[in-house]
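The values are calculated or read from the model by the stated rules, or taken from the named source; none is laboratory data. Quick caveat, the model's predicted, so the values are computed rather than measured. Note that we place each Cβ from the backbone using ideal geometry, even for glycine, and neighbour counts take in every protein chain shown.
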Amino acid sequence: MKFVICLLGVTVYICVAAADEQLRVALKSKKVLSVPETSLPIAELALENSNLVDSFKLLPVTSGNMGSSFASINKTFFEISDLDLDAIVGPFDMSLDLVAESLDIPYLSLTHDTSQVKKRNTFEMLPDTVWAGRAILDIIEVYGWAQIALFHDDYKGVPLVEQLVTDHSVLVRAWRLPAVAERHHVNQALIQMRKSRIQTILVMCSKENTRLMLDEALNLAMLSTPPYHWMFYDPCLESQEDLTKYTQIQVNFTVISLVDFNNTLKAGNLSKTELALGCDAFSMLISFKNQELETLIGNSSSPQNDTGSKLGNSIRKASLTGHTGKIAFDPQGQRMNVTLTLSTVSGDHTYPRGMWYSHTPMSVPNLILNTAIFPLNQTRPFPLVGRKVKVVIIENKPFTMLKRDHASRQGNDRFEGFSIDLIEYVAKELEFDYELYLVHDGKFGSQMPDGRWNGVIGELIAGNATMSVAPLSINANRESAVDFTKPFMTRHISVLMRVPTYETSYFQFLNPFSPMVWMIIMLAFLVVSWILYGLEKVGRSLDRQTNKDLPPVTIRESVWFIFGSLVQGSTEPVASSLPGRILTSAWWFFALILISSYTANLAAFLTVKKIATPINSVTDLAQQTKIKYGTVKDTGVKNFFKNTQIDYFAKMWAQMSEVEPDTMVDNETAALKKVKTENYAFFWDSTVNKYHTQTDCDLMEVGPAFDPKGFGIGVPPGASYLDQLSMAILKMSDRGILEGLQSKWWDISNCPDLSGGADETSSLQIENVAGVFFIVVGGIVLASLVCLAKYWFPNVFRIPEMVTQKSFLGAMLPKKVNTDDDGVDAEQL
């Protein structure tokens, strides 16, 4: 009586032979290049764990290569026929499946049957995944989950996906990983899953892929986030050590398995699946020995086919309990009456969560849960305390700047700014450490045409950073990709321009009156001069009837008198006639008001700088084409113009994006250079623009700001530490720390304040009053020329003696003027 145990999928066959009381096991060597280990350690370990060492004796034998070719099948057939075996136990192999069916030998397969046609003599020790699917559906129903993500890495996940999809109450998204996945495969799959906002994850992968997925999920902060529910279908607990190694973050996993989590099997570096199922196979074989092997199998003279057939019938009727639960087979050779164990793993502790039974009475549910210590797979908040996290930043003054001597510094000490002080206070409040790094592409974050995100947002989604501390405006598009804390600052959009040149004029003293007023004053001067001349001429002609010595009236004297009165010159004599004196009084009053108004306005005009600002608001900018305008690509400001429904903003976006696309710059530094060197207006955050206007006196903000939004700390979607960060920011606000930081980095201006009408009082410069000196110089030159002309041409400028001595003004004096005791009269004077 002989048994053969063929452990395939590794590198050897194991043949078991029974002789009298002792079962002898012969090891059959087999070389497979793709698999390095042998089945001998598995057999020995299975015997040791089953306490069957004394019942079996291992003997090595040789065999050909494993495969499904005709030559391989033929060689396997003759070799097994020569061994006169009664049973085969091992991983499923197509050659052995065909040979076992041909020789009528029971084949206990330790893995799933991958053949298209089920054979009568093949028995699957590993239950079909359909039972796992039913258990998962029952769990989903109990907890009311609406969607689930499934990760698998071989064919056995496909029927499970189909089974879950047929239940229309749950949405299923599946990702199939390569059999030997690499880190980027798992990373991309997890990121896609996170974008889909699915929070329930079922992992059905190999030990190596499961380990890689856990590590990547940890890097993406997805193990420690409360919304996520992690479940693992691991029949024989291959990943037991990996699931219990994350003690530092205290997460919980739900494990669905055949084997109890606290089992005593010791596999070491070998396969736990082969060990557990191999132990059950040995136990089944030894049970037949204890039940009178002679009766079950017959004596050694019995035909082989008859013996194998009897053994197959006995296996179909067998019902025993092993490491993988109750072992029983249906007519198709598949496990039935399956029992699955639900375990909750929290750190290095394990708690029994419940059991699932494939066959129960009508009144008993299939899923029976124990009283929960805490909700199923409810992960605890990710503790920032004592941890070192990565913080992504972006260079943007005054939020984040490199120190002048940053080349000689290392780590976080290279940076300074508002954001650096902010994260320092937050880290101190929450007692965690951090590592700062600059975003690689220098962008804040915008969604690209392929759906991926770049910049700071992309770093958070990719899991490269635990949080971002930057002037990152909160908008609906970004909120759909990542989460934000409470705002630590409010910003608007404003326009940054170069300060225009000041208006300067040598004749600025003419500015108090408009040109029209000056023309009216000149006209009034001429009209009043002629009217006074007429009034005095008429009045003098009447007075000459009584006093014939009165000199005649001239227009020259009348003009000179009116001009002297206007400029407050010395004009001692007055008009002699009553009408002339009335007109003179009115003119003096006119001159008084005029000179007072001119003096007041002149003081203001000469002591206030006027800036020639062609743009005073955003609407002014939209209505002109001389000054170009734009913003930085892939930013929230650009998205505002792109998505706005306001007419003039939409018009400006068309101008920026289509008519003049060169106005869109790559970064803030390029924009500042463009503002200083070109006729260019830059739309940007008001907080940053304010800083630039206070540190660079050649720049100014124009017009009222618009589009208010908040700056917040960004975190990956669903991060459990979001509330902790928000609470820290609120505490900083209550304590006045945020206001103090703003004063520290913004109240540093040495530039004139140009925000209120763009005016500033200043001292007078030579260019402001040079025109007055020009008039004096002009008067000197004109007087000198007239003097020279009079000297050279005396006949032209000769005036009659009578007019010279008895002028119009002289006639206004009284005939006798007593000036002293000597009684000198006017004639003598």
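Of the residues Thr695, Thr687, which is out of contact with any helix residue (DSSP H, G or I) (no Cβ under 9 Å at 6 or more places or on another chain), of a type in the set (Val, Ile, Thr) and surrounded by 15 or more Cβ atoms within 10 Å (Cβ to Cβ)?
Thr695
Scan the stretch 652-663 residue by residue and report those that are surrounded by 13 or more Cβ atoms within 10 Å (Cβ to Cβ) and under 24 Å from Pro500 (Cβ atoms). First the steps, then the outcome.
Step one: list which residues in the stretch 652-663 are surrounded by 13 or more Cβ atoms within 10 Å (Cβ to Cβ), which gives 652-653, 655-657, 660, 663.
Hits for the stretch 652-663 are Met652, Gln655, Met656, Glu660, Thr663.
Going by the structure shown, is Thr76 assigned to a loop (DSSP other than H, G, I, E, B) and without any contact (Cβ under 8 Å) to a residue 60 or more places away in the chain?
Values: assigned to a loop (DSSP other than H, G, I, E, B): no; without any contact (Cβ under 8 Å) to a residue 60 or more places away in the chain: yes.
Taking the combined requirement at face value, the residue does not satisfy it.
Which number in (1) buried (at least 19 other Cβ atoms within 10 Å of the Cβ); (2) closer than 13 Å to Gln334 by Cβ; (3) not acidic (Asp, Glu) marks the one condition that Ile139 misses?
(2)
Please report, ordered by residue number, the strands (runs of 3 or more DSSP E) entirely within the stretch 87-181 with at least 2 residues that are over 29 Å from Ile368 (Cα atoms), in the same structural domain as Phe70 (by TED's automatic domain parsing) and free of Cβ contacts under 8 Å to residues at least 60 places away in the same chain.
Counting at least 2 such residues, we get 107-109.
Could we say that Ala146 is over 27 Å from the mean Cα position of the chain (by Cα) and farther than 23 Å from Thr324 by Cβ here?
In short, yes.
Go through the stretch 184-220 residue by residue and tally those that are of a type in the set (Gly, Ala, Ser) and closer than 21 Å to Lys156 by Cα.
Total satisfying the criteria: 2.
So in the stretch 570-612, with the set limited to residues that are surrounded by 15 or more Cβ atoms within 10 Å (Cβ to Cβ) and closer than 30 Å to Pro500 by Cα, which one is modelled with the highest pLDDT?
Selected residue: Tyr598.
Would you mind stating whether Arg452 is at pLDDT below 90, buried (at least 19 other Cβ atoms within 10 Å of the Cβ), closer than 21 Å to Asn639 by Cβ and charged (D, E, K, R)?
Spelling it out, it is not the case that Arg452 is at pLDDT below 90, buried (at least 19 other Cβ atoms within 10 Å of the Cβ), closer than 21 Å to Asn639 by Cβ and charged (D, E, K, R).
Considering only residues that are out of contact with any Lys or Arg (no Cβ under 7 Å at 6 or more places or on another chain), modelled with pLDDT of 80 or more and closer than 30 Å to Thr693 by Cβ, which ones fall in the stretch 491-528?
His492, Ile493, Ser494, Val495, Leu496, Met497, Val499
Return only the number of the condition from (1) at pLDDT 90 or above; (2) surrounded by fewer than 19 Cβ atoms within 10 Å (Cβ to Cβ) that Phe415 does not satisfy.
It fails just one condition, (2).
What pairs come out if I take residues in the stretch 336-359 that are farther than 17 Å from Ile139 by Cα and free of Cβ contacts under 8 Å to residues at least 40 places away in the same chain and pair them with residues that are assigned to a strand (DSSP E or B) and not hydroxyl-bearing (Ser, Thr, Tyr) whose C-beta lies under 6 Å away, six or more apart or interchain?
Asn337/Lys326
Select from the stretch 400-436 the residues that are under 23 Å from Tyr721 (Cα atoms) and assigned to a loop (DSSP other than H, G, I, E, B) and list them in ascending order.
Glu431, Phe432
Within the stretch 656-715, count every residue that is part of a helix (DSSP H, G or I), among the aliphatic types (A, V, I, L, M) and in contact with a Lys or Arg (Cβ under 6 Å, 6 or more places away or on another chain).
Residues in the stretch 656-715 being part of a helix (DSSP H, G or I), among the aliphatic types (A, V, I, L, M) and in contact with a Lys or Arg (Cβ under 6 Å, 6 or more places away or on another chain): 1 in total.
With the condition being touching a Cys at 6+ places or on another chain (Cβ under 8 Å), outside the structural domain of Ile105 (by TED's automatic domain parsing) and at pLDDT 75 or above, I'd like the strands (runs of 3 or more DSSP E) fully within the stretch 286-354 carrying at least 2 qualifying residues.
none
Does Ser446 qualify as being of a type in the set (S, T, N, Q) and over 13 Å from the mean Cα position of the chain (by Cα)?
So Ser446 fails the test.
Taking the stretch 208-229 as the region of interest, how many residues are closer than 19 Å to Leu340 by Cβ and at pLDDT below 90?
From the stretch 208-229, those closer than 19 Å to Leu340 by Cβ are 210, 229; that's our starting set.
Among the residues that remain, those that are also at pLDDT below 90 are: 229.
Residues in the stretch 208-229 being closer than 19 Å to Leu340 by Cβ and at pLDDT below 90: 1 in total.
For the stretch 62-72, indicate whether the set of residues that are under 60 Å from the mean Cα position of the chain (by Cα), closer than 25 Å to Thr321 by Cα and at pLDDT below 70 is non-empty.
No, because not a single residue in the stretch 62-72 is under 60 Å from the mean Cα position of the chain (by Cα), closer than 25 Å to Thr321 by Cα and at pLDDT below 70.
Report yes if some residue within the stretch 394-413 is basic (Lys, Arg) and under 13 Å from the mean Cα position of the chain (by Cα); otherwise report no.
Checked the stretch 394-413: no residue is basic (Lys, Arg) and under 13 Å from the mean Cα position of the chain (by Cα).
Yes or no: the stretch 479-486 includes at least one residue that is over 14 Å from the mean Cα position of the chain (by Cα), farther than 30 Å from Asp215 by Cβ and modelled with pLDDT of 85 or more.
Scanning the stretch 479-486, I find at least one residue that is over 14 Å from the mean Cα position of the chain (by Cα), farther than 30 Å from Asp215 by Cβ and modelled with pLDDT of 85 or more, so the answer is yes.
Those residues that are free of Cβ contacts under 8 Å to residues at least 60 places away in the same chain, among the hydrophobic types (A, V, I, L, M, F, W, C) and within 16 Å of Gly714 (Cα to Cα), I need them from the stretch 395-422; list them, please.
Across the stretch 395-422, the qualifying residue is only Ile420.
Got at least one residue in the stretch 643-665 being farther than 30 Å from Arg197 by Cα and within 20 Å of the chain's Cα centre (by Cα)?
Quick first cut of the stretch 643-665, residues farther than 30 Å from Arg197 by Cα only: 646-665.
Now restrict to residues that are within 20 Å of the chain's Cα centre (by Cα): 665.
For the stretch 643-665, residues farther than 30 Å from Arg197 by Cα and within 20 Å of the chain's Cα centre (by Cα): present.
Could you check how many residues of the stretch 622-648 are within 17 Å of Ser686 (Cα to Cα), in a helix (DSSP H, G or I) and either touching a helix residue (DSSP H, G or I) at 6+ places or on another chain (Cβ under 8 Å) or free of Cβ contacts under 8 Å to residues at least 24 places away in the same chain (or both)?
The number of residues fulfilling the criteria is 4.
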